[in-house]
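Undergrad: Have a look at this one.
Every read-out reported here was derived from the displayed coordinates using simple, explicitly stated rules and does not represent laboratory data. All values derive from a computational prediction rather than experimental measurement. Here the Cβ positions follow ideal geometry from the backbone for every residue, glycine too, while neighbour counts run over all protein chains shown.
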């Protein structure tokens, strides 16, 4: 079950010392028989501005959106640099060595494959 496979870890962010907005991206978590999918909204973040890590059973997502007007004279600025951060605790039901991530159109998709032992299977009944 999804609530057992992925648990959000609430923690303070120590990396907010730089200028900009600190944001917690919205995340959807969906589950199939084979994997748990995590979709995170990171508007304005390019794939080279995303860092996804798995350490000690914890999946951490960092994203940085940089200002697009660097070196230009500003008449009005509403687009601020943003630092995104979320952490989730994963159970052993996830095959950590097969986790994949893709950034496309401001949405980060993280595929968390289930370990073989966690997948549902049909048991043949002998008789």
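Undergrad: Which value in nm describes the separation of the simple spin-label points at residue 47 and residue 87, placed 7 Å from the Cα toward the beta carbon?
TA: 2.8 nm
Undergrad: What is the distance in Å between the Cα centres of segment 34-64 and segment 73-127?
TA: Here the answer is 7 Å between Cα centres.
Undergrad: Once R0 is set to 41 Å, what does the formula 1/(1 + (r/R0)^6) return for the Cβ-Cβ distance between residue 73 and residue 32, expressed as a FRET efficiency to the nearest 0.05? Write down the numbers at each step before the final one.
TA: Numbers: r = 50 Å, r/R0 = 1.22.
Once rounded, the FRET efficiency stands at 0.25.
Undergrad: Sticking with this one: At 7 Å along Cα-to-Cβ for each site, give me the label-to-label distance between residue 119 and residue 98 in nm.
TA: A separation of 0.6 nm, rounded to one decimal place.
Undergrad: Round to the nearest 0.05 the FRET efficiency obtained for residue 24 and residue 80 when R0 = 22 Å and r is the Cβ-Cβ distance.
TA: Numbers: r = 16 Å, r/R0 = 0.71.
It comes to 0.90.
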